[in-house]
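Worksheet for the structure shown next.
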Amino acid sequence: MDARLHIKMVFSPNIARMLTRQEIESLVLRRCSTDEAPFAIQSCERSADNAYWVVRANHTQYVLHRRPEFCRVGVNAYLVDPSTGEIEVVGSYCSVEQYLADKKDLLLADQKQYVLYPAFDGYDPKWVIHLHRKIGCSLPHARKLARNTEWWLTGKKRVLEEARDLLAREGIPVNITLAVNAGMAYVLSDGLIFWDQLKKILQATENHVKDG
């Protein structure tokens, strides 16, 4: 399920108060329960920044009777704004903390895109050779990567930071900044990143980077 999914609940404008925990739980149960699959609340607690209620729910047979065959997967938690009743669904591929950090980064980006690019002199032959050896690409492609006048990667700031750390371990310094247009930068998707995966991505960018 898309973690960016927002479900807006409409309340009377005369209700100028914060929703109670019981009301929050009722909202989530109405959101996810069906006649065929009734849900029960597993946990309900405030987020670290106190801005949301973090609610976890699953099939009643799983929550109350621990029958694994009834467990529903794909959702980590439901975030509920106590002032509006708006529900956001956090997918199982990331934690609540990561989701909230992504929301903050997106707000700070102000419609710009996070991009990752080389932080070294691309015209220094030692960097071309270093990229050739570390990434396992051809010398011409390493030269294009080193002298790239645009961006290598784009995506969520958190994910780019993971890529930056992996590159740093291999002695490849890069920066992350905001750009109005990410151009042809490779979109780095969410999920666990390993060095072998990142190498293959950078190897495959041969047609996406420009020679400076």
Unmet requirement for Ala142, which otherwise passes all of (1) touching a helix residue (DSSP H, G or I) at 6+ places or on another chain (Cβ under 7 Å); (2) touching a residue at least 24 places away in the same chain (Cβ under 8 Å); (3) aliphatic (A, V, I, L, M)
(2)
Here the residues within the range 21-55 that are among the β-branched types (Val, Ile, Thr) and modelled with pLDDT under 95 are Thr34
Would the range 107-130 turn up any residue that is under 27 Å from the mean Cα position of the chain (by Cα), of a type in the set (Gly, Ala, Ser) and over 29 Å from Leu188 (Cα atoms)?
no
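The values are calculated or read from the model by the stated rules, or taken from the named source; none is laboratory data. Quantities reported herein were computed from a predicted structural model and do not represent experimental measurements. Note that we place each Cβ from the backbone using ideal geometry, even for glycine, and neighbour counts take in every protein chain shown.
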